[in-house]
1. What do the square roots of 5 times the Cα gyration tensor eigenvalues come to for the stretch 57-104, in whole Å, largest first, as semi-axes of the equivalent ellipsoid?
2. Going by average Cβ density within 10 Å per residue, which order do the peptides 46-53, 168-175 take, highest to lowest?
3. Pick from 12, 36, 90: which is most flexible by mean-square fluctuation in a GNM of the chain where alpha carbon atoms under 10 Å apart are linked?
4. Compute the orientation-averaged projected area for the chain from the convex hull of its Cα atoms and round it to one decimal in nm².
5. When the Kirkwood radius is taken over all Cα pairs of the stretch 1-95, what Stokes-Einstein diffusion coefficient follows at 25 °C and 0.890 mPa s, in µm²/s?
6. Work out how far the C-alpha atoms of the stretch 29-69 reach from end to end along every principal axis, then list the three figures in whole Å, largest first.
7. Over the chain, with a Gaussian network built from C-alpha contacts below 10 Å, which listed residue (73, 127, 177) shows the highest mean-square fluctuation?
8. Gaussian network model of the chain, Cα springs within a sub-10 Å range: biggest mean-square fluctuation belongs to which of 92, 178, 104?
């Protein structure tokens, strides 16, 4: 029978304490090299929490440089066109604590940011986020409370950037197949895939 771990003492009985250098590696400001990494990253994951404690993780992508480092404490990113569910933004309104994981293709190191977010309209820097002539109406500013680099083990283990380890595309369900399966839709998966492809081509910005 499985044993559920319910307290840190039991957890530490299995996993020893980290080295002090690792335990204390978080910083509270954006140093120059971390800034370079963030500005070169075209993709990050944004974790938010709703008022009832439920969590959400949203992928965010833009050309490198579209996440702005406003100062040593603050970063900002634009809210682009999407499905208009506003999951992340609604969560931020009720619970401003967020987590971010910045990724650069081909690089195994990542940067993690935890901080306090706020939603801003009519920010003076919005024009700097313009892509293909499209300027976001809203931006999210995050005040960094802790930031640290994350070791490469997860990406090395997963062989994320090793193309020889990638599955054949035919083996992976398409977006249309997943949508049809999840919602028991009558429409054919290919029809959904065609709609998704059209939206991806013309609805990015």
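1. 19, 15, 10
2. Output ranking for 46-53, 168-175: 46-53, 168-175.
3. Sorting by GNM fluctuation, first place goes to 12.
4. Averaged projected hull area, Cα only: 15.8 nm².
5. Values: Rh = 16.8 Å.
So the translational diffusion coefficient is about 146 µm²/s.
6. Dimensions of the stretch 29-69 along the principal axes of its Cα atoms: 37, 24, 11 Å.
7. Among 73, 127, 177, the largest mean-square fluctuation in the Gaussian network model of the chain belongs to 177.
8. Of 92, 178, 104, the Gaussian network model singles out 178 as fluctuating most.
Every read-out reported here was derived from the displayed coordinates using simple, explicitly stated rules and does not represent laboratory data. A quick note: this is a predicted structure, and the numbers were derived from the prediction, not measured. Cβ sites come from the backbone with ideal geometry, for glycine too, and all protein chains shown count toward neighbours.
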